[in-house]
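Below is one structure, written out as structure tokens; the observations come after it.
The values are calculated or read from the model by the stated rules, or taken from the named source; none is laboratory data. These numbers come from a predicted model, not from an experiment. When we count neighbours, we look across all protein chains shown, and the Cβ atoms used for this are built from the backbone with ideal geometry, even at glycine.
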Amino acid sequence: MLGSRRETVYVKQSDAPRNYHIEMQGHRDWEGRLVGLNLHIPEPQHVEPERVSLAPEPDGPPEIAVVYFGFENGVNRANRPESLLAQFINQGGGTGDAGGCALELPGGLRLEGAPERSGSPFLKNGEILEARWRVKADTAGDFRVTLRRDTKPTADAILTFLPALERAASYVPEPAPVNTVVDVCAYYFPGWDADAKYDCLRYTAPIRKPLLGYYDESNPECVDWQIKWAVENGIRCFLVDWYWVDGRQSLRHWFDAYRKARYRDYLKVAIMWANHNPPGTHSREDWRTVTREWIEQYFTLPGYYHINGKPAVFLWDSRLIRSDLGGSEAVAAAFEESQSMARDAGYEGVEFIILQNHANSGDIERWLKEGYAGNTSYHEFGDALHMAPSPSQARYADVADTAPDAWEQRRIRSGGLTYYPVVDTGWDSRPWHGANAMAFHGRTVTDFKRLLTAARDYCAKNEQQTLVLGPINEWGEGSYIEPNLEFEFGMYEAIREVLGVGNREDWPENLSPRDVRLGPYDFPRAPGKLVWEFNDDAEGWAAMMNISDLTVADGVMSFETTSSDPALVASTPGLNAAEYAAWRIQMKVEGDLKDGANAQLFWTIGNRGTSESVSCRFPLSQDGEWREYVLNLREHPRWRGRISMLRFDPCDISGAKVQVRHIAFDRE
């Protein structure tokens, strides 16, 4: 007996009854004998269920819905053509027609050129159509635009055009930093080094599109824009997620670009070692190696961030280090060796700061014994999750209300260990994990400013010199404030408005690349592929997580895995599942493969998230030789619709050496 499982449905306000479909076929827990169903409606919502039924596929009439209508890019100005995007999806059954739409424009706004459409307007359940128009405003202001289908209003959008700007630059303009009352550090996730990784935004949350576009983080010019925007709005330091597993590194591209950036030394950086590694990958020898890497490759950066005169290193998981090294005394010895190595290199030592939620007095005592100087967390939600009817229905306003008290309680528990308060930037991972994912709704600049104000007061009261912002660019997890379409510069400007010092009239105007005729910086959008032979490069496949040293040579893509959950991704725009019956891969996996070792292929239908229910597992050969694996996708109940992205987990072990020389879809 599996017990109860849940699926979340977001209900729209409507006077007429509507069908809502919950896809269960292929769900990993949808098996065995069903003993009951429970429909939970959180208070104070008023919902009247009329019918609940089980069906082999989405039933009822087609229902074409507009899931996004608005600007495609942030910071739009008068006197230049701007892109307007509409995304349609069939949320009902059958096949619906999303064509026949037209814009209704007010005076002062005109259409430039003909509209563009991404594909066929005939949509099955879950399929998406995109339509684009170019519109131009004569003057700055707000304009209401109506989208009509069959002469009926379907969606409205208020388009805000800023005043026209006539500037040009040959490169990113030099930063003009704004000083703040305390040092403002912010977590930075260097996870956006391939076009396919942005697909979760394109089709699910286009409102999150970065102001830099779907950009290449390994481009030093993009990093210079990030540096400029950060320091001009009060951020002094990026705490960069850093990945090292037993000598193997991944996601180094942002640091490599930072080293080459023209404005590198305006922004300080520090390592946040995201050591959520497989057990047994921390050793005393590896600790010496990683300390040497910090000292020689990172502490030497002119902009490396110091606390109390020492280069700061933030660590994700103290428990794993303790377990692998053999207890707190062993950790203390390793830390002391790091201190000695740093002093021998001319530094005063290392300031170790641990990240962990919900620290208790026992944790604090162990950290002090082991040699940590401070503690903080990656997020601080206060009591918001306890106040929510479910994790998928949390509110950001509750974070703003309750996080300050959580800071104070954490400070009291920390005793002699410095606590750095975290101003949270939210969470909504539905683009990655679907409707059941944890989500904080209603995030606004106003509530973010409330948190910043409370943090400023906390630091003044406790003579604290540093505070930490939650992640600024976790676009998929929903923790983001870097300039983007949704908030434009609003979140960044809130930082300097609350924490900035000096004459505000001297603060620089925030500019987008288009404001100075630079960019675009988007990855080139490659046509969809159905066969990959790796003749010259990875042909659109990219490391999503826990993969290092990805290379292509002699028609083979090679890499190593750094955990038991490695993943690759690739975009597949235009792939119609109905036309293809099977997926083949020729692959060799060398490593400590156990009985039952397997690989897994995931696919994304339209704008839906990736989940176990849209995947196929298959067993791996343990002989370390080349094998061809064939998946009969047509047998899977969720292989249907338009497939926008693939994710491939090549094995379920760390330290595997993987080679791939051919991937293809077969029609039969």
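Values computed for the structure shown
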{"read-out": "Pairs where the first residue, in region 298-313, is more than 19 Å from residue 259 (Cβ to Cβ) and the second is surrounded by fewer than 18 Cβ atoms within 10 Å (Cβ to Cβ), C-beta under 6 Å, 6+ apart", "value": "309/348; 310/348"}
{"read-out": "Tally, over region 323-354, of residues that are surrounded by 16 or more Cβ atoms within 10 Å (Cβ to Cβ), outside any helix (DSSP H, G or I) and among the small types (Gly, Ala, Ser)", "value": "1"}
{"read-out": "Residue tally, condition of a type in the set (A, V, I, L, M) and out of contact with any Phe, Trp or Tyr (no Cβ under 6 Å at 6 or more places or on another chain), over region 638-666", "value": "5"}
{"read-out": "Only one of 618, 602, 648 that is more than 23 Å from the chain's Cα centre (by Cα) and either in a strand (DSSP E or B) or among the polar types (S, T, N, Q) (or both)", "value": "618"}
{"read-out": "Qualifying residues in region 227-248 (those that are of a type in the set (Gly, Ala, Ser) and in contact with a Leu (Cβ under 9 Å, 6 or more places away or on another chain)) - the one surrounded by the fewest Cβ atoms within 10 Å (Cβ to Cβ)", "value": "230"}
{"read-out": "Residue check for residue 187: among the hydroxyl-bearing types (Ser, Thr, Tyr), within 13 Å of the chain's Cα centre (by Cα) and in a strand (DSSP E or B)", "value": "yes"}
{"read-out": "Sole residue being touching a helix residue (DSSP H, G or I) at 6+ places or on another chain (Cβ under 8 Å), more than 21 Å from residue 202 (Cβ to Cβ) and of a type outside the set (D, E, K, R), chosen from 583, 603", "value": "583"}
{"read-out": "Exclusive hit being among the polar types (S, T, N, Q) and over 28 Å from residue 468 (Cβ atoms), set 154, 180", "value": "154"}
{"read-out": "First in region 193-213 and of a type in the set (Asp, Glu), second anywhere and surrounded by fewer than 23 Cβ atoms within 10 Å (Cβ to Cβ), Cβ under 6 Å, 6 or more apart", "value": "193/218; 193/253; 195/523; 199/645"}
{"read-out": "Search result, residues across region 384-400 that are within 20 Å of residue 41 (Cα to Cα) and of a type in the set (Gly, Ala, Ser)", "value": "384, 388, 390, 392, 394"}
{"read-out": "Residues of region 519-545 satisfying the condition of being out of contact with any strand residue (DSSP E or B) (no Cβ under 9 Å at 6 or more places or on another chain) and under 22 Å from residue 580 (Cβ atoms)", "value": "none"}
{"read-out": "Single unsatisfied condition, residue 212 versus (1) buried (at least 18 other Cβ atoms within 10 Å of the Cβ); (2) in the same structural domain as residue 78 (by TED's automatic domain parsing)", "value": "(2)"}
{"read-out": "Selection count where residues are under 21 Å from residue 530 (Cα atoms) and surrounded by 16 or more Cβ atoms within 10 Å (Cβ to Cβ), scope region 557-581", "value": "13"}
{"read-out": "Among the candidates 534, 523, residue that is of a type in the set (Phe, Trp, Tyr) and touching a Phe, Trp or Tyr at 6+ places or on another chain (Cβ under 7 Å)", "value": "523"}
{"read-out": "Residues of region 637-647 that turn out to be in contact with a strand residue (DSSP E or B) (Cβ under 6 Å, 6 or more places away or on another chain) and either among the hydroxyl-bearing types (Ser, Thr, Tyr) or modelled with pLDDT of 85 or more (or both), as a count", "value": "5"}
{"read-out": "Candidates 195, 224, 199 - the one that is surrounded by 18 or more Cβ atoms within 10 Å (Cβ to Cβ), in contact with a Lys or Arg (Cβ under 6 Å, 6 or more places away or on another chain) and not hydroxyl-bearing (Ser, Thr, Tyr)", "value": "224"}
{"read-out": "Residue list for region 395-427, restricted to those being assigned to a helix (DSSP H, G or I) and either among the hydrophobic types (A, V, I, L, M, F, W, C) or not assigned by TED's automatic domain parsing to the domain that holds residue 438 (or both)", "value": "397, 399, 400, 403, 406, 407, 412"}
{"read-out": "Extreme residue, surrounded by the most Cβ atoms within 10 Å (Cβ to Cβ), among residues of region 355-394 that are touching a residue at least 60 places away in the same chain (Cβ under 8 Å) and in a helix (DSSP H, G or I)", "value": "392"}
{"read-out": "Residue match in region 516-536 (condition: closer than 30 Å to residue 178 by Cα and either in contact with a Leu (Cβ under 7 Å, 6 or more places away or on another chain) or free of Cβ contacts under 8 Å to residues at least 12 places away in the same chain (or both))", "value": "yes"}
{"read-out": "Region 313-367: number of residues that are over 33 Å from the mean Cα position of the chain (by Cα) and either of a type in the set (Ser, Thr, Tyr) or outside the structural domain of residue 297 (by TED's automatic domain parsing) (or both)", "value": "3"}
{"read-out": "Failed criterion for residue 76 (all others in (1) within 31 Å of the chain's Cα centre (by Cα); (2) under 30 Å from residue 488 (Cα atoms); (3) surrounded by fewer than 18 Cβ atoms within 10 Å (Cβ to Cβ); (4) among the polar types (S, T, N, Q) hold)", "value": "(3)"}
{"read-out": "Residue tally, condition of a type in the set (Gly, Ala, Ser) and surrounded by fewer than 22 Cβ atoms within 10 Å (Cβ to Cβ), over region 619-668", "value": "4"}
{"read-out": "Options 474, 497; residue that is at pLDDT 95 or above and out of contact with any strand residue (DSSP E or B) (no Cβ under 7 Å at 6 or more places or on another chain)", "value": "497"}
{"read-out": "Condition broken by residue 422, with the remaining ones in (1) under 19 Å from residue 180 (Cβ atoms); (2) touching a residue at least 60 places away in the same chain (Cβ under 8 Å) satisfied", "value": "(2)"}
{"read-out": "Residue identified as surrounded by fewer than 22 Cβ atoms within 10 Å (Cβ to Cβ), of a type outside the set (Lys, Arg) and within 22 Å of the chain's Cα centre (by Cα) among 487, 523", "value": "523"}
{"read-out": "Condition broken by residue 246, with the remaining ones in (1) at negative phi; (2) of a type outside the set (Val, Ile, Thr); (3) touching a helix residue (DSSP H, G or I) at 6+ places or on another chain (Cβ under 8 Å) satisfied", "value": "(1)"}
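Residues are listed down the side, and each one gets a yes or a no for (1) buried (at least 18 other Cβ atoms within 10 Å of the Cβ); (2) assigned by TED's automatic domain parsing to the domain that holds residue 490; (3) over 31 Å from the mean Cα position of the chain (by Cα); (4) touching a residue at least 24 places away in the same chain (Cβ under 8 Å):
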position: 107; (1), (2), (3), (4): no, no, yes, no
position: 111; (1), (2), (3), (4): no, no, yes, yes
position: 117; (1), (2), (3), (4): no, no, no, no
position: 125; (1), (2), (3), (4): yes, no, no, yes
position: 129; (1), (2), (3), (4): yes, no, no, yes
position: 137; (1), (2), (3), (4): yes, no, yes, yes
position: 145; (1), (2), (3), (4): yes, no, no, yes
position: 148; (1), (2), (3), (4): no, no, yes, yes
position: 172; (1), (2), (3), (4): yes, no, no, yes
